[in-house]
1. Here are the criteria: (1) over 22 Å from THR134 (Cβ atoms); (2) small (Gly, Ala, Ser); (3) in contact with a helix residue (DSSP H, G or I) (Cβ under 8 Å, 6 or more places away or on another chain). Tell me which single one ALA72 does not satisfy.
2. Residues of segment 96-123 being farther than 26 Å from VAL78 by Cα and modelled with pLDDT of 65 or more, which ones?
3. With (1) more than 17 Å from GLY128 (Cα to Cα); (2) of a type in the set (A, V, I, L, M); (3) modelled with pLDDT of 90 or more as the list, and ILE36 as the residue in question, which single condition is left unmet?
4. Surrounded by 15 or more Cβ atoms within 10 Å (Cβ to Cβ), within 14 Å of THR118 (Cβ to Cβ), hydroxyl-bearing (Ser, Thr, Tyr) and out of contact with any Gly (no Cβ under 9 Å at 6 or more places or on another chain) - does that describe any residue in segment 39-57?
5. Pick from VAL58, VAL78, VAL84: which is at pLDDT 90 or above, among the hydrophobic types (A, V, I, L, M, F, W, C) and touching a helix residue (DSSP H, G or I) at 6+ places or on another chain (Cβ under 8 Å)?
Amino acid sequence: MLQGAFDKFYLNNHPDGKPPMIFVKGILLLYLGLLIQTVNNYLDGFNFSAILFVFFAVGFLVFVTGEGKKWARIILSVLILLNVFFLGSSLLYSFGILHDSGVPKKAIQMPVYLIVLTFAEIIVELWGWALMFTKQADWWFERKNN
(Lines give C-alpha, C1' and ligand atoms only; values in the text may rest on other atoms or scores of the structure.)
Protein backbone atom coordinates (compact mmCIF):
# COMPACT_ATOMS: atom_id res chain seq x y z
CA MET A 1 0.00 0.00 0.00
CA LEU A 2 2.60 2.57 1.06
CA GLN A 3 5.14 1.18 -1.40
CA GLY A 4 2.82 2.07 -4.30
CA ALA A 5 2.52 5.66 -3.09
CA PHE A 6 6.27 5.79 -2.49
CA ASP A 7 6.97 4.57 -6.05
CA LYS A 8 4.79 7.37 -7.47
CA PHE A 9 6.71 10.04 -5.54
CA TYR A 10 8.20 12.61 -7.94
CA LEU A 11 11.85 11.92 -7.09
CA ASN A 12 11.41 8.23 -7.87
CA ASN A 13 10.42 9.23 -11.43
CA HIS A 14 12.74 12.22 -11.88
CA PRO A 15 13.60 13.19 -15.49
CA ASP A 16 17.34 13.43 -14.63
CA GLY A 17 17.48 9.88 -13.29
CA LYS A 18 16.85 8.25 -9.99
CA PRO A 19 18.45 9.80 -6.90
CA PRO A 20 19.76 7.54 -4.14
CA MET A 21 17.00 5.94 -2.08
CA ILE A 22 18.48 7.30 1.16
CA PHE A 23 18.20 10.85 -0.23
CA VAL A 24 14.58 10.28 -1.28
CA LYS A 25 13.78 9.04 2.22
CA GLY A 26 15.45 12.16 3.66
CA ILE A 27 13.33 14.45 1.48
CA LEU A 28 10.18 12.54 2.46
CA LEU A 29 11.13 12.92 6.13
CA LEU A 30 11.55 16.66 5.60
CA TYR A 31 8.06 16.82 4.07
CA LEU A 32 6.76 14.88 7.10
CA GLY A 33 8.58 17.32 9.40
CA LEU A 34 6.93 20.20 7.56
CA LEU A 35 3.53 18.60 8.05
CA ILE A 36 4.20 18.07 11.77
CA GLN A 37 5.41 21.66 12.08
CA THR A 38 2.26 22.95 10.38
CA VAL A 39 0.01 20.98 12.75
CA ASN A 40 2.11 22.06 15.72
CA ASN A 41 1.89 25.74 14.71
CA TYR A 42 -1.87 25.48 14.19
CA LEU A 43 -2.43 23.85 17.58
CA ASP A 44 -0.15 26.41 19.21
CA GLY A 45 -2.40 29.22 17.95
CA PHE A 46 -0.29 30.75 15.21
CA ASN A 47 -1.86 33.13 12.73
CA PHE A 48 -3.29 31.16 9.76
CA SER A 49 -1.61 33.36 7.15
CA ALA A 50 1.76 32.89 8.90
CA ILE A 51 1.21 29.13 8.91
CA LEU A 52 0.45 29.16 5.17
CA PHE A 53 3.48 31.31 4.40
CA VAL A 54 5.85 29.05 6.37
CA PHE A 55 4.27 25.93 4.84
CA PHE A 56 4.72 27.11 1.25
CA ALA A 57 8.15 28.74 1.77
CA VAL A 58 9.67 25.72 3.50
CA GLY A 59 7.83 23.34 1.17
CA PHE A 60 9.41 25.15 -1.78
CA LEU A 61 12.87 24.84 -0.19
CA VAL A 62 12.38 21.11 0.40
CA PHE A 63 11.24 20.66 -3.21
CA VAL A 64 14.20 22.61 -4.63
CA THR A 65 16.58 20.69 -2.36
CA GLY A 66 15.10 17.50 -3.79
CA GLU A 67 15.93 18.86 -7.24
CA GLY A 68 19.59 18.97 -6.21
CA LYS A 69 20.17 22.70 -5.68
CA LYS A 70 23.03 23.27 -3.23
CA TRP A 71 21.88 26.77 -2.25
CA ALA A 72 18.51 25.38 -1.14
CA ARG A 73 20.19 22.65 0.91
CA ILE A 74 22.28 25.29 2.69
CA ILE A 75 19.31 27.57 3.42
CA LEU A 76 17.20 24.59 4.53
CA SER A 77 20.04 23.42 6.79
CA VAL A 78 20.25 26.81 8.50
CA LEU A 79 16.45 26.90 8.95
CA ILE A 80 16.35 23.36 10.35
CA LEU A 81 19.15 24.06 12.83
CA LEU A 82 17.49 27.31 13.93
CA ASN A 83 14.15 25.54 14.26
CA VAL A 84 15.71 22.76 16.37
CA PHE A 85 17.45 25.34 18.56
CA PHE A 86 14.26 27.33 19.17
CA LEU A 87 12.11 24.23 19.67
CA GLY A 88 14.69 22.83 22.07
CA SER A 89 14.82 26.04 24.08
CA SER A 90 11.01 26.11 24.12
CA LEU A 91 10.99 22.58 25.54
CA LEU A 92 13.64 23.47 28.14
CA TYR A 93 11.56 26.47 29.21
CA SER A 94 8.44 24.33 29.28
CA PHE A 95 10.10 21.84 31.63
CA GLY A 96 11.28 24.64 33.91
CA ILE A 97 14.96 24.32 33.03
CA LEU A 98 15.15 27.80 31.49
CA HIS A 99 13.40 30.58 33.41
CA ASP A 100 12.54 34.20 32.89
CA SER A 101 13.03 34.86 36.59
CA GLY A 102 14.99 33.39 39.48
CA VAL A 103 11.94 31.47 40.70
CA PRO A 104 11.83 28.01 39.10
CA LYS A 105 8.59 27.01 37.42
CA LYS A 106 6.94 23.96 38.96
CA ALA A 107 4.33 23.27 36.27
CA ILE A 108 4.88 22.37 32.64
CA GLN A 109 4.11 25.43 30.53
CA MET A 110 3.19 23.60 27.33
CA PRO A 111 0.40 21.06 26.79
CA VAL A 112 1.61 17.47 26.57
CA TYR A 113 0.39 16.98 22.98
CA LEU A 114 2.50 19.98 21.87
CA ILE A 115 5.53 18.55 23.67
CA VAL A 116 5.07 15.22 21.86
CA LEU A 117 4.64 16.97 18.50
CA THR A 118 7.71 19.12 19.16
CA PHE A 119 9.85 16.08 20.00
CA ALA A 120 8.55 14.30 16.88
CA GLU A 121 9.29 17.34 14.73
CA ILE A 122 12.84 17.66 16.05
CA ILE A 123 13.60 13.96 15.50
CA VAL A 124 12.09 13.82 12.01
CA GLU A 125 13.77 17.04 10.84
CA LEU A 126 17.21 16.05 12.13
CA TRP A 127 16.88 12.57 10.64
CA GLY A 128 15.84 13.94 7.24
CA TRP A 129 18.55 16.60 7.39
CA ALA A 130 21.21 13.98 8.16
CA LEU A 131 20.11 11.87 5.19
CA MET A 132 20.60 14.88 2.88
CA PHE A 133 24.31 14.92 3.71
CA THR A 134 25.18 11.26 3.24
CA LYS A 135 27.90 10.23 0.80
CA GLN A 136 25.32 8.49 -1.37
CA ALA A 137 23.32 11.71 -1.70
CA ASP A 138 26.30 13.91 -2.62
CA TRP A 139 26.36 12.85 -6.26
CA TRP A 140 22.78 14.11 -6.69
CA PHE A 141 24.00 17.63 -5.85
CA GLU A 142 27.13 17.26 -7.99
CA ARG A 143 25.39 16.02 -11.16
CA LYS A 144 24.95 18.27 -14.13
CA ASN A 145 21.36 19.51 -14.21
CA ASN A 146 19.58 19.21 -17.55
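The values are calculated or read from the model by the stated rules, or taken from the named source; none is laboratory data. Owing to the predicted nature of the structure, the values given are computational and were not obtained by experimental measurement. A quick note on method: Cβ atoms are made from the backbone with ideal geometry, for glycine too, and the neighbour counts reach across all protein chains shown.
1. Failed condition: (1).
2. Result: GLY96, GLN109, PRO111, VAL112, TYR113.
3. With (1) more than 17 Å from GLY128 (Cα to Cα); (2) of a type in the set (A, V, I, L, M); (3) modelled with pLDDT of 90 or more applied to ILE36, the lone miss is (1).
4. Scanning segment 39-57, I find no residue that is surrounded by 15 or more Cβ atoms within 10 Å (Cβ to Cβ), within 14 Å of THR118 (Cβ to Cβ), hydroxyl-bearing (Ser, Thr, Tyr) and out of contact with any Gly (no Cβ under 9 Å at 6 or more places or on another chain), so the answer is no.
5. Testing whether each residue is at pLDDT 90 or above, among the hydrophobic types (A, V, I, L, M, F, W, C) and touching a helix residue (DSSP H, G or I) at 6+ places or on another chain (Cβ under 8 Å) leaves just VAL58.
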